[in-house]
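Below is one structure; the comments refer to it alone.
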Amino acid sequence: MITVAEMLQLHIFDGYEILAGADGLGRNVSCVDYLEVPTSDYCVTSDIFLFSTTYTLQEYIGNFDALIEGYNAQGSSGLGVKLGWFLSDIPPKALQTANRLAFPIVKLPMNISYVSITREVMAKILKGEKKTAQGVTTESLFERALFDDNAEEALEELERFGWMKARPVRIAYTRTVDCRDDGPGRLFETTIHMHKDDEIIAVLPVPLEKTGNDHLHDAPVGVSRNRPMRFLRNSFHEARRCFQLARGLGHRHGTFTAEDMGLLLTLTENGVDESLKEATNRVLAPLLAATEKSGVDLIHTLRTWLACDRSIEETSDTLFIHRNTLRYRLKGIDQIVPLSTDNIFMLRLALLLDSTYRNQS
């Protein structure tokens with residue numbers, strides 16, 4: 001079994017276009033079929049990807065959205081269409097339905113033949129099933145590519161699964177200790193999803209829709225830049241650094257891409273700068289001394305308050321303390337390091353650099 005995204009990486013689909021339902025590219029494909037009778041009760045089984053020249057779909061142009069609803073309800077993986085011969089486009093209402101259902105509709109290259117689709121797609125599916133039966137999975141190969149000495153060998157094996165070295169991907173990263181007790185869930189809607197110790201790693205298709213970590217509860221996610229597969233390890237390290245920077249700023253949730261964190265990545269990429277480290281310590285030293293004296297972690301309080309956009313309500317809920325208690329702590333912090341608007345930026349930067357240095361050490 002493969003995914004729609006993996007199927008579309010086959011060379012025969014070069015030039016394809018996703019018309020709708022891009023969020024469903026992680027759907028499984030176990031077989032392909034060709035529409036002869038385009039009614040919604042057409043015999044469709046789960047995980048079958050449908051193809052059509054749209055010849056028979058012409059009569060149902062007014063009910064195209066209902067067809068999509070029906071195919072989706074029967075478990076179809078998606079629909080590939082050739083536009084231009086019989087239909088020039090798909091009705092907007094049908095595209096809206098496909099987007100809502102995350103049901104992929106793919107515009108096919110006009111020169112693609114059904115014989116080549118059947119041969120290439122089924123060969124890929126069967127090869128993947130054979131590999132899986134032998135105990136080799138895509139996830140295990142990605143783990144080897146990221147963490148083992150024989151990374152190049154693993155990348156060669158991944159090409160047999162359709163993950164070509166030139167294929168652009170992003171890496172997403174978080175840690176289970178940053179998730180709630182009810183479990184970390186999955187990183188985005190992706191089929192390549194790995195756990196290593198307390199780390200959660202996902203391989204993401206591109207372009208990235210920043211809507212994906214709904215299942216992660218309260219966990220920040222770092223996401224690398226778009227790079228070819230051959231630079232997988234670079235992407236992994238970049239995603240992990242984005243996560244560390246986001247956590248260093250106190251964020252408990254959200255998606256933080258390398259593009260978003262570009263300036264901070266550049267500022268912290270060359271290891272520990274002693275002069276910056278000393279300046280950071282000078283800013284935070286009074287708070288550390290007050291923390292030791294009072295037994296209350298004022299650094300954590302300040303970091304959380306800033307991450308919550310200085311919201312008393314959200315910060316107190318996050319810290320599980322009464323709002324008046326938080327106000328009292330902030331008043332104490334303000335007497336040590338002014339919380340004026342001009343000083344907030346310096347405090348954010350000091351907290352970020354402090355977190356970065358701790359991670360590097």
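The values are calculated or read from the model by the stated rules, or taken from the named source; none is laboratory data. What you see is a predicted model; the values in this text were computed from it and never measured. Neighbour counts run over all protein chains shown; Cβ positions are idealised from the backbone, glycine included.
List of remarks:
- When region 136-154 is limited to residues that are without any contact (Cβ under 8 Å) to a residue 24 or more places away in the chain and part of a helix (DSSP H, G or I), the one that is surrounded by the most Cβ atoms within 10 Å (Cβ to Cβ) turns out to be LEU141.
- Restricting SER30, SER52, SER46 to residues that are under 16 Å from SER113 (Cα atoms) and of a type in the set (Gly, Ala, Ser) narrows the list to SER52.
- Tally, over region 256-275, of residues that are touching a helix residue (DSSP H, G or I) at 6+ places or on another chain (Cβ under 6 Å) and either within 14 Å of ARG358 (Cβ to Cβ) or among the polar types (S, T, N, Q) (or both): 2
- Whichever residue in region 336-348 is without any contact (Cβ under 8 Å) to a residue 12 or more places away in the chain and part of a helix (DSSP H, G or I) and, among such residues, is farthest from HIS251 (Cα to Cα): ASP342
- Looking only at region 322-361, and only at residues there that are closer than 26 Å to GLN244 by Cα and surrounded by fewer than 13 Cβ atoms within 10 Å (Cβ to Cβ), the one that is modelled with the highest pLDDT: PHE345
- When each of GLY84, GLY70 is tested for being in contact (Cβ under 8 Å) with a residue 24 or more places away in the chain, on the phi > 0 side of the Ramachandran plot and surrounded by fewer than 21 Cβ atoms within 10 Å (Cβ to Cβ), the lone residue that passes is GLY84.
- Residues of region 97-112 classified as surrounded by 22 or more Cβ atoms within 10 Å (Cβ to Cβ) and of a type in the set (Gly, Ala, Ser), total: 1
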